[in-house]
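Visitor: Provided herewith is a single structure, encoded as structure tokens, for subsequent inquiry.
The values are calculated or read from the model by the stated rules, or taken from the named source; none is laboratory data. It should be emphasised that the depicted structure is a prediction, and the values quoted were computed from it without experimental measurement. Cβ sites come from the backbone with ideal geometry, for glycine too, and all protein chains shown count toward neighbours.
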Amino acid sequence: MADLVYPPVIGALKTYFALTGMKVHVHGAEHIPAQGPAVIASTHTSYLDFVFAGLAGVHVGRLTRFMAKESVFTNRVSGPLMRGMHHISVDRQAGSASFRAALTALKQGEVVGIFPEATISRSFTVKELKSGAVRMAQVGKAPLVPVAVWGGQRLMTKGRPPKLAQRGRSILINVGAPIDVPRSVDGDELTALLRTRMQELLDDAQARTPDQPRPGEDAWWHPAHLGGTAPTPAEAAAMDASDREDRIARGEPSEG
């Protein structure tokens, strides 16, 4: 397919990184196949994760087609860009269509990106995963590549005002070795393994980032188990449940 939008967007992002002094570190990009289909399963702590996870593929000359909620495609600003980059719209009320679209992309040799947690993790740990990433890799006969992104939450995440003009931030992108996903192996077992691998990659990024909390700082952007003031996983789960109840009361679709 013709990619007239994706390359200029990548160029604009690199200019943004240079202007803000942002340091983007990609580790393990060689685990993404240089050609042929692949499923990238990324952690989700920021609204910008698809940008940074996609950069891992760029390092090996691949453009990733991310699955994203339908509202991003109907937005008058982001919609044309998402469609122009051939990302995949997900209608959570009719998920089978987006699953089929992702499989078609894999059959065409594309890299498909997915966030198995479905929604942003407010605890900055890996939540329980949906099984879609594993099923997609199994049916599409594609390598399943775990990815962790760390740092984007300080720029734009759930419940916090965007701060895109911050200077000198570090973004770490860890790419793990592909997980073998034969159809003969139970999907729940493989999903549990995927979660473990993603958490290991995230743990490593959180330990290596130079942007560590300072003594006495309100480190809302750092997980509680590492001394930050982010919600614990249990607290984050309660917040998510409250959000779902509010959406249902307003007659809006659940985010999962």
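Visitor: Just checking, does region 62-78 include any residue being surrounded by fewer than 15 Cβ atoms within 10 Å (Cβ to Cβ) and farther than 25 Å from THR119 by Cα?
Guide: There is no residue in region 62-78 that is surrounded by fewer than 15 Cβ atoms within 10 Å (Cβ to Cβ) and farther than 25 Å from THR119 by Cα.
Visitor: Identify all residues within region 149-176 that are touching a Gly at 6+ places or on another chain (Cβ under 8 Å) and surrounded by fewer than 24 Cβ atoms within 10 Å (Cβ to Cβ); write none if there are none.
Guide: ARG167, GLY168, ARG169, SER170, GLY176
Visitor: Continuing with the same structure: Name the helices (runs of 4 or more DSSP H) wholly within region 1-99 that hold at least 2 residues that are farther than 30 Å from THR191 by Cβ and among the hydroxyl-bearing types (Ser, Thr, Tyr)?
Guide: Answer list for region 1-99: 6-20.
Visitor: While we're here: What single numbered condition from (1) aliphatic (A, V, I, L, M); (2) surrounded by 13 or more Cβ atoms within 10 Å (Cβ to Cβ); (3) in a helix (DSSP H, G or I); (4) free of Cβ contacts under 8 Å to residues at least 60 places away in the same chain fails to hold for ALA207?
Guide: All conditions are met except number (2).
Visitor: Hey, another quick one. So, in region 178-234, exactly how many residues are in contact with a His (Cβ under 7 Å, 6 or more places away or on another chain) and closer than 22 Å to PRO161 by Cα?
Guide: 3
Visitor: What's the total number of residues in region 134-188 that are part of a loop (DSSP other than H, G, I, E, B) and either of a type outside the set (Lys, Arg) or free of Cβ contacts under 8 Å to residues at least 24 places away in the same chain (or both)?
Guide: Of the residues in that region, 23 qualify.
Visitor: Output the qualifying pairs, or none if there are none: Cβ atoms under 9 angstrom, residues six or more apart or on different chains, first residue in region 85-101 and basic (Lys, Arg), second residue outside any helix (DSSP H, G or I) and modelled with pLDDT under 95.
Guide: Between residues of region 85-101 that are basic (Lys, Arg) and residues that are outside any helix (DSSP H, G or I) and modelled with pLDDT under 95, the close pairs are ARG92/LYS69; ARG92/ALA118; ARG92/PRO253; ARG92/SER254; ARG92/GLU255; ARG92/GLY256.
Visitor: For region 130-144, how many residues meet the condition of being buried (at least 21 other Cβ atoms within 10 Å of the Cβ) and touching a helix residue (DSSP H, G or I) at 6+ places or on another chain (Cβ under 6 Å)?
Guide: The total comes to 5.
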